Amino acid sequence: MAIKSPYVQSVFETVKKRNPGELEFLQAVGEVLESLEPVVEKNPEFKDAGLLERVVEPERQIIFRVPWLDDSGKTQVNRGFRIQYNSALGPYKGGLRFHPSVNISIIKFLGFEQIFKNSLTGLMMGGGKGGSDFDPKGKSDNEVMRFCQAFMTELCRHIGADTDVPAGDIGVGGREVGYMFGQYKKVRNLWEGVLTGKGLTFGGSLVRTEATGYGCVYFTEEMLKARKTSFEGKTVVVSGSGNVAIYAHEKATQLGGKVVAMSDSNGYIYDKNGINLDTVKRLKEIERKRIKEYVNEHKGAEYKDGCAGIWTVPCEVALPSATQNELDGKAAETLVKNGCIAVAEGANMPSTPEAVEVFLKNNVSFGPGKAANAGGVATSGIEMQQNSQRESWTFPVVDEKLHTIMVNIHDAASGAAEEYGTPGNLVNGANIAGFMKVARAMMSQGVV
Ligand code: NDP
């Protein structure tokens with residue numbers, strides 16, 4: 001990391017001192033601060049207003065106990081989090097992650113990124129994130145329901161349709177959102193759009209399920225257009241096999257790409273004929289099985305242990321869509337060597353700083369998560385609009401809005417990259433374009 005400005009460096013030093021050992025959080029803050037150096041130079045009033053010092057500090061951090069009973073009647077205790085990071089642009093908005101790796105560093109990194117991602121969508125949403133170290137894997141439906149109810153019994157005091165609107169993330173899909181919505185409604189006696197990603201019969205939006213994956217591919221399509229090419233005939237690798245990965249596969253295939261590899265946290269599958277998405281959807285969405293089961297049904301396909309190996313599969317487009325720091329510098333070099341020309345992050349911060357450097361140095365078009373995966377939260381914003389109006393819009397209407405937003409995000413990021421002297425660097429561009437709107441709102445709202 002190379003921050004040159006003494007002022008920006010001093011802000012980063014304070015963040016490091018206040019948040020010792022929070023590696024993911026410090027990684028995310030460092031990357032944004034580095035991009036913002038030319039912005040602060042051009043706008044000295046931001047320094048006078050202590051804007052950077054304020055934007056790196058969450059407005060509110062809530063940590064709580066979540067006790068629940070498992071199927072054998074034994075008491076289990078998990079930890080719950082909600083970081084209400086920045087409300088300059090609207091109610092806090094961001095997903096809930098249920099995964100054993102969840103800790104304060106991970107939730108703060110995700111919440112911090114969410115501020116700028118939400119700003120890039122052009123919709124009125126602040127940034128937040130939450131979750132728990134609860135592991136839904138291997139739990140019965142009843143255990144998941146009891147956990148979600150216990151989690152929401154506490155969280156419901158802190159959220160609301162005009163205050164803070166959570167959604168899904170890793171380990172939180174339609175089932176979990178439904179249970180949490182039911183508990184919120186019961187405890188608060190309020191039927192309101194307090195969560196997004198709801199079921200279609202109770203206020204959910206069409207396209208929300210597909211939105212992050214589709215949006216990531218729409219963004220990639222713009223990057224490919226800028227290189228005067230398209231998805232047509234391209235070999236694509238998508239890591240993960242959850243919500244984002246599945247719908248990234250679906251849209252990339254619709255646009256003429258061939259997805260040959262997918263993964264889960266145990267390993268990856270390779271199918272030279274193109275991975276059959278119906279099989280993956282059934283295994284992961286309905287049967288909740290492991291990805292290796294795929295090869296039992298598709299004889300030409302191979303399974304290999306170890307998810308990181310997926311980056312050795314030759315491809316022209318890579319869409320890392322599993323989790324943070326899943327693609328390191330060495331993997332990036334392998335991708336470049338094998339002819340990869342575009343990488344867009346379906347997941348949040350899946351590429352390490354070393355990997356990003358490799359991509360930028362080698363003229364690989366690189367779409368950072370806060371731009372490339374903003375389609376999920378954008379469609380959540382569209383779900384909030386429908387809930388406010390008590391309306392349900394059709395699939396093509398919502399999909400068109402999503403598509404337009406993704407094109408606009410690409411244009412805003414590439415325009416800001418150009419304006420601030422790093423043309424083609426969408427990392428800088430997304431950070432700057434996202435930050436400017438938040439900064440102007442914070443300047444107008446005074447020291448709060
Ligand atoms: P899911 O829970 O649906 O799927 C997650 C996938 O990633 C699974 O295949 C999972 O494998 C894999 N995975 C999770 N943790 C690890 C790990 N430590 N190592 C390797 N693989 C792992 O989550 P989503 O698809 O919703 O989210 C994926 C990413 O996209 C996350 O970074 C999330 O923050 C980001 N994102 C999601 C949005 C959404 O709308 N859902 C919006 C914007 C970003 P396994 O089953 O083995 O755990």
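What ³J(HN,Hα) values, in whole Hz, does the Karplus curve 6.51 cos²θ - 1.76 cosθ + 1.60 give for the stretch 69-80 when θ = phi - 60°, with x put for Gly and Pro?
Ordered by residue, 3J(HN,Hα) equals 9, 7, 5, 8, x, 7, 7, 10, 10, 10, 10, x Hz.
Given the pairs 234/284; 16/185; 198/304, which are separated by over 31 angstrom at their Cα positions?
Too far apart for the 31 Å limit: 16/185; 198/304.
Decide, for the stretch 361-448, between rounded, prolate and oblate: order the square roots of the alpha carbon gyration tensor eigenvalues as a ≥ b ≥ c, take rounded if a/c falls under 1.5, and otherwise choose prolate if a/b is larger than b/c, else oblate.
oblate
Report, in cubic angstrom per residue, the convex hull volume of the C-alpha atoms of the stretch 310-384. Walk me through the intermediate numbers first.
Working: hull volume 6.0 nm³, N = 75.
Dividing the Cα hull volume of the stretch 310-384 by its residues yields 79 Å³.
For the ranges 374-384, 317-327, 51-61, what's the packing order if you count other beta-carbon atoms within 10 Å of each residue, average per peptide, and put the highest first?
On the way: 374-384: 27.9, 317-327: 26.4, 51-61: 18.5.
In descending order of packing, they fall as 374-384, 317-327, 51-61.
When all C-alpha to C-alpha distances in the chain are sorted into bins of 20 Å, what percent of pairs does each bin hold, rounded to whole numbers?
Answer for the chain: a P(r) of 27, 60, 14, 0 percent.
Please give the direction-averaged projected area of the C-alpha convex hull for the stretch 215-335, in square nanometres with one decimal.
On the way: hull surface 28.1 nm².
So the mean shadow area of the Cα hull is 7.0 nm².
Let me have the relative contact order for the chain, percent, based on Cα pairs under 8 Å that are six or more residues apart.
15 percent
Compare 353, 166, 67 in a GNM of the chain, Cα atoms joined below 10 Å, and give the one with the largest fluctuation.
The residue with the greatest mean-square fluctuation here is 67.
If we count every other residue with Cβ under 9 angstrom of residue 131's Cβ, Lys/Arg +1 and Asp/Glu -1, where does the sum land?
In short, +1.
Show the residues, 5+ positions off or on another chain, whose built amide H is closer than 5 Å to the amide H of residue 192.
none
Can you pull a Stokes-Einstein diffusion coefficient for the stretch 267-403 at 10 °C (1.306 mPa s), Rh from Kirkwood over Cα pairs, as a whole number of µm²/s?
Approximately 94 µm²/s, per Stokes-Einstein.
Using the Cβ atoms and a cut-off under 13 Å, what net charge is assigned to the surroundings of residue 19, where Lys and Arg are +1 and Asp and Glu are -1?
Around residue 19, the charge tally is 0.
Of all DSSP beta bridges in the chain, what percent run antiparallel (nearest 5)?
About 55 percent, rounded to the nearest 5.
What's the local net charge at residue 64, with K and R +1, D and E -1, over the other residues with C-beta under 11 Å away?
Summing Lys and Arg as +1 and Asp and Glu as -1 gives +3.
Could you work out the relative contact order of the stretch 23-140? I mean the mean sequence separation of Cα pairs under 8 Å and 6+ apart, divided by the number of residues, in percent.
On the way: 203 pairs, mean separation 32.6, N = 118.
RCO, the stretch 23-140: 28 percent.
Within a 10 angstrom radius of the beta carbon, how do 68, 191 rank from fewest other beta carbons to most?
Result, fewest neighbours first: 191, 68.
Where a number appears in this text, it was derived from the coordinates with a stated rule and is not lab data. Since the structure is predicted, the reported quantities are computational estimates derived from the model, not experimental observations. Glycine also receives a Cβ, built like all others from the backbone with ideal geometry; neighbour counts cover every protein chain displayed.
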